[in-house]
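Asks: Mind looking over this structure? Questions follow.
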């Protein structure tokens, strides 16, 4: 654990008065203080507030290192949903002080029927592909920045991909994006 603390607060930093710390360094101090007694459960409210991108990455690397060394449940509370999305095993959505949803992100997306987003790299509009997508259950079709994009129901994903791949000469690439934590947050009522 000392190595983690030293990584958070190098010796030269420890020689300065806390009042002279930047906001980011105070965040590091807070994390170090919370880890000193080797807790099993940790609640971190906006833990990366004030950290630059390098500091944010290092914070999550340190937290992951601690979790690998010993059993630790860490609850992250944040308004920056994109930042914590891939850092969580489970999510809880709280709105207006009420717990609205809890579970793995994939479970919540599936249970809420949030569609997947399909992106097909294409050079020009293709009515045939549009019709194919609509026939396979796609909605909200549009073109932007070299992509034909659409929303597709999760239950039609494999059939849709299979149908599109038969027409692979009509496009240069395809990708499917899972719903984001932000989409789950706004989809919960």
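Asks: Given the structure, is residue 87 modelled with pLDDT under 95 and in contact with a strand residue (DSSP E or B) (Cβ under 9 Å, 6 or more places away or on another chain)?
Replies: On the way: modelled with pLDDT under 95: yes; in contact with a strand residue (DSSP E or B) (Cβ under 9 Å, 6 or more places away or on another chain): yes.
Here the answer is yes, as residue 87 does meet what is asked.
Asks: Another question, if that's okay. With the checklist (1) modelled with pLDDT of 90 or more; (2) in contact with a helix residue (DSSP H, G or I) (Cβ under 7 Å, 6 or more places away or on another chain); (3) surrounded by 15 or more Cβ atoms within 10 Å (Cβ to Cβ) in hand, flag the one item residue 154 doesn't pass.
Replies: Evaluating residue 154 over (1) modelled with pLDDT of 90 or more; (2) in contact with a helix residue (DSSP H, G or I) (Cβ under 7 Å, 6 or more places away or on another chain); (3) surrounded by 15 or more Cβ atoms within 10 Å (Cβ to Cβ) leaves (1) as the failure.
Asks: Identify the residue in the range 32-58 that is part of a helix (DSSP H, G or I) and under 18 Å from residue 88 (Cα atoms) and, among all such residues, is modelled with the lowest pLDDT. Working first, answer last.
Replies: At the first step, the residues of the range 32-58 found to be part of a helix (DSSP H, G or I) are 32-36, 53-58.
Going one step further and asking which of them are under 18 Å from residue 88 (Cα atoms), we end up with 56-58.
Values: 56: 87, 57: 88, 58: 84.
Among them, the one singled out is 58.
Asks: Identify, by number, the condition in (1) buried (at least 17 other Cβ atoms within 10 Å of the Cβ); (2) within 21 Å of the chain's Cα centre (by Cα) that residue 129 doesn't meet.
Replies: Condition (2) is where residue 129 drops out.
Asks: Could you please give the count of residues in the range 123-172 that are without any contact (Cβ under 8 Å) to a residue 40 or more places away in the chain and in a loop (DSSP other than H, G, I, E, B)? Walk me through how you get there before you give the answer.
Replies: Step one: list which residues in the range 123-172 are without any contact (Cβ under 8 Å) to a residue 40 or more places away in the chain, which gives 124-125, 127, 130-152, 155-156, 158-159, 161-163, 165-169.
Within this subset, residues satisfying the condition of being in a loop (DSSP other than H, G, I, E, B) are 124-125, 136-138, 145-146, 166-167.
So the count comes out to 9.
Asks: Out of everything in the range 91-122 that is without any contact (Cβ under 8 Å) to a residue 60 or more places away in the chain and outside any strand (DSSP E or B), what residue ends up being surrounded by the most Cβ atoms within 10 Å (Cβ to Cβ)? Walk me through it before giving the result.
Replies: Let us first name the residues in the range 91-122 that are without any contact (Cβ under 8 Å) to a residue 60 or more places away in the chain, namely 92, 94, 96-99, 102-104, 107, 110-111, 113, 118-122.
Then drop every residue that is not outside any strand (DSSP E or B), which leaves 96-97, 104, 107, 110-111, 113, 122.
Working: 96: 5, 97: 5, 104: 12, 107: 13, 110: 14, 111: 11, 113: 11, 122: 18.
Only one residue fits best here, namely 122.
Asks: Can you confirm whether residue 60 is surrounded by 14 or more Cβ atoms within 10 Å (Cβ to Cβ) and more than 30 Å from residue 159 (Cβ to Cβ)?
Replies: Details: surrounded by 14 or more Cβ atoms within 10 Å (Cβ to Cβ): yes; more than 30 Å from residue 159 (Cβ to Cβ): yes.
It is true that residue 60 is surrounded by 14 or more Cβ atoms within 10 Å (Cβ to Cβ) and more than 30 Å from residue 159 (Cβ to Cβ).
Asks: All but one of (1) touching a strand residue (DSSP E or B) at 6+ places or on another chain (Cβ under 8 Å); (2) in a helix (DSSP H, G or I) hold for residue 19; which doesn't?
Replies: Here residue 19 clears every test but (1).
The values are calculated or read from the model by the stated rules, or taken from the named source; none is laboratory data. All values derive from a computational prediction rather than experimental measurement. When we count neighbours, we look across all protein chains shown, and the Cβ atoms used for this are built from the backbone with ideal geometry, even at glycine.
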